[in-house]
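Participant: My structure is below; once you've seen it, I'll send some questions.
The values are calculated or read from the model by the stated rules, or taken from the named source; none is laboratory data. Keep in mind it's a predicted model, so treat the numbers as computed, not measured. Backbone-built Cβ (ideal geometry, glycine too); neighbour counts: all protein chains shown. The accessibility values were calculated without ligands, DNA or RNA, using every heavy atom of the protein model including side chains. Shrake-Rupley method; radii C 1.70, N 1.55, O 1.52, S 1.80 Å.
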Amino acid sequence: MVDPRRHVPRTDTVLADPRLAAAGGRLGRSIVKDAVARAQQRARRGEIGPEDVADAAVAELPPQAASLRAVINATGVLIHTNLGRAPLSRAAIEAAAAAAGPADVEFDLVTGARARRGRSALDALARAVPAAEDVHVVNNNAAALVLVATVLAGGREIVISRGELVEIGDGFRLPELLVSTGARLREVGTTNRTTYRDYADAVGPETGFVLKVHPSNFRIEGFTGSAEVRELSGLGVPVVADIGSGLLAREPLLPAEPDAATMLAAGAALVTASGDKLLGGPQAGLLLGRRDLVERCRRHPLARALRVDKLTLAALEATLRGPAVPVRQALHADPATLSDRAAVLAARLADAGVDARAVPSEAAVGGGGAPGVALPSAAVSLPERYAAPLRTGDPPVVGRIERGRLLLDLRTVPADRDGDVARAILGARA
């Protein structure tokens, strides 16, 4: 008897299939070859016939060469760090795509000479925060703090409140970051109360700057107190305000969230912020403030290691100059409209036999912004068993579990994706 495995087609024969040959040009030969190998193994195990190997390999091909998958964020967390923080606007996506090839990132097309890197993005940022004398962009907010600490306090002291020595996601601790630059920390005050006098007593010849850090991912309530930037700006040393969440101007819906314009008006010499949080742009660290200090940071050798690429510059400029970004749209979504969407979606699913209910929900800013602020929202409630198949479906839909039910919060789902959510749920019924 002939072993059926002897009939499994050779790799080069399968790769000659026109569909796989075309995929090789789009995805790369190694990805296609791996898909073929998996299909051949299935044939050897008897799961499929030898004649089906090419079809099985085609079915296994990924949609793109990268393994990252676009997901529908139905968690109700506007800036979800595990899902890549702020989703880019269509304008930012198109700008990044346009810059993917050769681009005038450091070239003046009129004169034919070298030009300042990212000049258009920097101009857009400067226009967005007129109170800043100068601006600079690095690859994230931690990088902005590292650069400032290295330039202003290398071998010197940074005065900081004990209540602002924060740890954020993945074990990142601010004190360790600052000390890694060669600066020394001069801790003042207590966990819950730090006064102007605490800072004034600590400032001296060894002080590089005073650092004010917004405790963006937690709240301390009760017997608390802190000194404001306006008070500290009179100490005779630079005050650096790390606002974290990336607000450039005040947001009425988040009155307790600090913004760059207000911090600079209060006397901060420098402000550092994130580009991929409430600003709604790509990952970037924004540095705004006094011209002399920004220029010192820009000219330091470390700035070269921390600079952003052309895709970030393009997306950042489009974020600043373009239409309202998805984060802002989600933040300002009308709760009544969200409730109507949830009701329509739940009714459609219920008609198809799905245990779906429209329920009130509370969304959150996330990304270390506006801790404790609940945004009224609406969700579609499903049995918990839907969570896994929705996460692994196409497209993946990620929600949150509450009291044994899966909630798909619509504040973080664009209205034009409701149909995709419905189809994903219906496809997950089995």
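Participant: When you check ARG341 against the structure, is it of a type in the set (D, E, K, R) and either in a strand (DSSP E or B) or closer than 19 Å to VAL380 by Cβ (or both), yes or no?
Facilitator: In short, yes.
Participant: Does VAL365 count as of a type in the set (Val, Ile, Thr) and either touching a strand residue (DSSP E or B) at 6+ places or on another chain (Cβ under 6 Å) or outside any loop (DSSP other than H, G, I, E, B) (or both)?
Facilitator: yes
Participant: Quick one: what pairs do we get from the stretch 309-321, first residue farther than 7 Å from PRO282 by Cβ, second of a type in the set (Ser, Thr, Tyr) and assigned to a helix (DSSP H, G or I), C-beta under 6 Å, 6+ apart or different chains?
Facilitator: From the stretch 309-321, the pairs are GLU317/SER120.
Participant: Just checking, how many residues over the stretch 279-320 are open to solvent by less than 20 Å² (accessible area, probe 1.4 Å), over 16 Å from LEU152 (Cβ atoms) and either β-branched (Val, Ile, Thr) or in a loop (DSSP other than H, G, I, E, B) (or both)?
Facilitator: Here the count works out to 6.
Participant: For the stretch 57-75, which positions are surrounded by 11 or more Cβ atoms within 10 Å (Cβ to Cβ), outside any loop (DSSP other than H, G, I, E, B) and either of a type in the set (A, V, I, L, M) or under 18 Å from the mean Cα position of the chain (by Cα) (or both)?
Facilitator: ALA57, VAL58, ILE72, ASN73
Participant: Take the conditions open to solvent by less than 60 Å² (accessible area, probe 1.4 Å), without any contact (Cβ under 8 Å) to a residue 60 or more places away in the chain and under 30 Å from PRO282 (Cβ atoms) and apply them to PRO50. Does it pass?
Facilitator: no
Participant: Hey, another quick one. Between residues in the stretch 79-94 that are part of a helix (DSSP H, G or I) and residues that are among the hydrophobic types (A, V, I, L, M, F, W, C), which pairs lie under 7 Å by C-beta distance while being six or more apart or on different chains?
Facilitator: LEU83/VAL71; LEU83/VAL398; ALA91/ALA318; ALA92/ALA315; ALA92/ALA318
Participant: Could you please give the count of residues in the stretch 144-168 that are surrounded by fewer than 23 Cβ atoms within 10 Å (Cβ to Cβ) and not in a loop (DSSP other than H, G, I, E, B)?
Facilitator: Matching residues across the stretch 144-168 total 8.
Participant: Can I ask one more? Please enumerate the residues belonging to the stretch 95-141 that are open to solvent by 30 Å² or more (accessible area, probe 1.4 Å), of a type outside the set (Lys, Arg) and not in a loop (DSSP other than H, G, I, E, B).
Facilitator: Result: ALA97, ALA98, PHE107, SER120, ASP123, ALA126, ALA128.
Participant: Return the total of residues in the stretch 412-430 being under 21 Å from PRO335 (Cβ atoms), open to solvent by 10 Å² or more (accessible area, probe 1.4 Å) and either free of Cβ contacts under 8 Å to residues at least 60 places away in the same chain or not in a loop (DSSP other than H, G, I, E, B) (or both).
Facilitator: Residues that pass the stated criteria total 5.
Participant: Would you call GLU362 in contact (Cβ under 8 Å) with a residue 40 or more places away in the chain and acidic (Asp, Glu)?
Facilitator: yes
Participant: Follow-up. How many residues does the stretch 387-399 contain that are open to solvent by 10 Å² or more (accessible area, probe 1.4 Å), in contact with a helix residue (DSSP H, G or I) (Cβ under 9 Å, 6 or more places away or on another chain) and at pLDDT 95 or above? Don't jump to the end; show me each part of the working.
Facilitator: As a first pass, look at the stretch 387-399 and keep what is open to solvent by 10 Å² or more (accessible area, probe 1.4 Å): 387-389, 391-395, 398-399.
Among the residues that remain, those that are also in contact with a helix residue (DSSP H, G or I) (Cβ under 9 Å, 6 or more places away or on another chain) are: 389, 393-395, 398-399.
Remaining after also requiring at pLDDT 95 or above: 389, 398-399.
Count: 3.
Participant: Is at least one residue of the stretch 304-315 in contact with a strand residue (DSSP E or B) (Cβ under 6 Å, 6 or more places away or on another chain) and of a type in the set (D, E, K, R)?
Facilitator: no
Participant: Another question about this same structure. Being among the polar types (S, T, N, Q) and either assigned to a loop (DSSP other than H, G, I, E, B) or out of contact with any Asp or Glu (no Cβ under 8 Å at 6 or more places or on another chain) (or both) is the filter here, so list the residues in the stretch 258-278 that pass it. Reasoning before the result, please.
Facilitator: First pass over the stretch 258-278, keeping only residues among the polar types (S, T, N, Q): 262, 272, 274.
THR262, SER274, listed by residue number.
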